[in-house]
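Shown next, in structure tokens, is the structure this report addresses.
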Amino acid sequence: MDRSAAVERMLRTVEPHALLPVLRRALTTQYAALGVDLLMADYSMTILQAVEALPFTSPGVPVHTSAPGRAFASQRPVREPSGGTATGLHLPVSVRGERIGVLCVTLPSDAAGHGVEDELAEIAESLGRAILIADRETDLYLQAKRVRRLTLAAEMQWQLLPGSSCARSEYEMGAQLEPAYGVYGDNVDWSATADDFSLTLTNGMGEGIEASLLTSLGINALRNARRAGLSLIDQACLADQAIYGLHRGDLHLSTLLLRFDLPTGVVEVIDAGSPKAWLLRERKVSPVELDAQLPLGMFEDTLYESQTFRVRPGDRLLFLSDGVYDATSPAGERYEERVLSRAMNSTRMLPAPEVPRAILHELRGHRGDVEALDDALVVCLDWRGRRD
């Protein structure tokens, strides 16, 4: 058995909380590693946080200005000289487009060839899978993702998310919630099969725990209907009835439901008082015109209708909650079409998972010292289409 396979086998059998110390020993034995560290991306995707026994115990590494940050943002290994006889390798830890963190390995320079880099990159991917499984049994890696304590509402919202990004041959997608440590109403959910990709964006009415509970009810009702094989229209109707049955119209959930047909690029969509959708096609930014319908749970037995549009290879879709679209500058200018168009064009060369963070950074600059009145959701989806 070759050495990389031996390390990967260890990752499959080790106790969930012991992934890092066992990996550290294995890489020291098999690759003569001088140092091994695991950095987890925090909820805001701006800091890489070391995995420690206790949360908040070490300073974070900034994504924007560090070699590990470059590896995380580019999703490619980055080499960094570490003294005259040593080389640092920073390897992205990701699974199917879901960006988890960075594995940092310091090696003797004469043992850091590109063949070794390729082997360690495979080990980093195996580590990502092991972390996703370990999260079911330990809080260690979830604790390492936070630079400070989450509010209870934010904890509930992040636990609802299937991830922060995903990718396959037909598309790549990234999502970000802000304020990351205090979000309470916005959320996103997705699921894929062989021939379709379902994407749901929600914006719960209210604040704090009330908004989180409403969003949780809506997302789980939609998941229940989707997993039962119901149509997009029936999914909306079932969730509408569930929310109305509990709140009798006092609370409602703005929702955008989309189903992408992977072979053709036809998108079925229901706009139930939803977040805004924008299309970047051949450097031209335009809103996706949708027929606005009632939010989920507003009235009893609301009937919903779907409509369709088509995406082409090379298209970029951006989805924004009203916390983004309605944000104002100190001069009172709304962050809407003109400012958004400029931001979408300025980020067009970034991969989809990097765009939400860049847009939210732009939003903070636009808002200046004006306090945010609502949380914000940004989702970016790049459509590649299916190739024969």
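Scan segment 212-251 for residues that are farther than 20 Å from Ser198 by Cβ, out of contact with any strand residue (DSSP E or B) (no Cβ under 9 Å at 6 or more places or on another chain) and not basic (Lys, Arg) and jot them down.
Once the filter is applied, which keeps residues that are farther than 20 Å from Ser198 by Cβ, out of contact with any strand residue (DSSP E or B) (no Cβ under 9 Å at 6 or more places or on another chain) and not basic (Lys, Arg), segment 212-251 yields Gly245, Leu246, His247, Gly249, Asp250.
Among the residues of segment 95-107, is any among the charged types (D, E, K, R) and over 30 Å from Cys380 (Cα atoms)?
no
Tell me which residues, restricted to segment 80-115, are among the basic types (Lys, Arg) and at pLDDT 95 or above.
Arg99
Would you pick out the residues in segment 248-283 that are closer than 19 Å to Tyr184 by Cα and hydroxyl-bearing (Ser, Thr, Tyr)?
Listed by number, the residues that qualify are Ser254, Thr255, Ser274.
Would you check which residues across segment 208-258 are open to solvent by 60 Å² or more (accessible area, probe 1.4 Å) and in contact with an Asp or Glu (Cβ under 8 Å, 6 or more places away or on another chain) and list them?
Gln241
What number of residues within segment 275-306 satisfy the criterion of being farther than 20 Å from Asp382 by Cα and either of a type outside the set (A, V, I, L, M) or in contact (Cβ under 8 Å) with a residue 60 or more places away in the chain (or both)?
13
Picking from Val61, Val93, Val102, which residue would you name as being touching a Phe, Trp or Tyr at 6+ places or on another chain (Cβ under 7 Å) and surrounded by 14 or more Cβ atoms within 10 Å (Cβ to Cβ)?
Result: Val102 is the single residue among Val61, Val93, Val102 that is touching a Phe, Trp or Tyr at 6+ places or on another chain (Cβ under 7 Å) and surrounded by 14 or more Cβ atoms within 10 Å (Cβ to Cβ).
Return the residue satisfying two criteria in turn: it lies in segment 33-56 and is open to solvent by 50 Å² or more (accessible area, probe 1.4 Å) and touching a strand residue (DSSP E or B) at 6+ places or on another chain (Cβ under 8 Å), and of such residues it is farthest from Asp2 (Cα to Cα).
Asp37
Go through segment 65-78 and give me each residue that's touching a Leu at 6+ places or on another chain (Cβ under 6 Å) and open to solvent by 20 Å² or more (accessible area, probe 1.4 Å).
Answer for segment 65-78, where residues must be touching a Leu at 6+ places or on another chain (Cβ under 6 Å) and open to solvent by 20 Å² or more (accessible area, probe 1.4 Å): just Pro77.
Can you tell me which residues in segment 301-320 are buried (at least 18 other Cβ atoms within 10 Å of the Cβ) and out of contact with any Phe, Trp or Tyr (no Cβ under 9 Å at 6 or more places or on another chain)?
Once the filter is applied, which keeps residues that are buried (at least 18 other Cβ atoms within 10 Å of the Cβ) and out of contact with any Phe, Trp or Tyr (no Cβ under 9 Å at 6 or more places or on another chain), segment 301-320 yields Tyr304, Ser306.
Could you list, in sequence order, all residues of segment 157-179 that are touching a Phe, Trp or Tyr at 6+ places or on another chain (Cβ under 9 Å), closer than 30 Å to His247 by Cβ and surrounded by fewer than 24 Cβ atoms within 10 Å (Cβ to Cβ)?
Answer for segment 157-179, where residues must be touching a Phe, Trp or Tyr at 6+ places or on another chain (Cβ under 9 Å), closer than 30 Å to His247 by Cβ and surrounded by fewer than 24 Cβ atoms within 10 Å (Cβ to Cβ): Trp158, Pro162, Gly163, Ser164.
For Val266, state whether it is out of contact with any helix residue (DSSP H, G or I) (no Cβ under 6 Å at 6 or more places or on another chain), touching a residue at least 24 places away in the same chain (Cβ under 8 Å) and of a type in the set (A, V, I, L, M, F, W, C).
Yes: the conditions hold for Val266.
Filter segment 1-13 for residues that are free of Cβ contacts under 8 Å to residues at least 24 places away in the same chain and under 16 Å from Arg129 (Cβ atoms); which is most open to solvent (accessible area, probe 1.4 Å)?
Arg9
Given the conditions (1) buried (at least 20 other Cβ atoms within 10 Å of the Cβ); (2) under 24 Å from Gly185 (Cα atoms); (3) under 25 Å from the mean Cα position of the chain (by Cα), report the number of the one that Met298 does not fulfil.
So the condition that Met298 fails would be (3).
Answer with yes or no whether Leu303 is in contact with a Lys or Arg (Cβ under 6 Å, 6 or more places away or on another chain), hydrophobic (A, V, I, L, M, F, W, C) and over 25 Å from Gly185 (Cβ atoms).
So Leu303 does not fit the description; no.
Looking at Arg168, Arg129, which one is within 15 Å of Pro92 (Cβ to Cβ) and in contact with a strand residue (DSSP E or B) (Cβ under 8 Å, 6 or more places away or on another chain)?
It is Arg129.
Within segment 1-92, which helices (runs of 4 or more DSSP H) (wholly inside it) include 2 or more residues that are under 22 Å from the mean Cα position of the chain (by Cα)?
67-74
The values are calculated or read from the model by the stated rules, or taken from the named source; none is laboratory data. Note that this is a predicted model, so its numbers are computed, not measured. Heads up, the Cβs are rebuilt from the backbone with ideal geometry, glycines too, and the neighbour counts pull from every protein chain shown. Note: areas computed on protein heavy atoms with side chains; ligands, DNA, RNA excluded. Shrake-Rupley method; radii C 1.70, N 1.55, O 1.52, S 1.80 Å.
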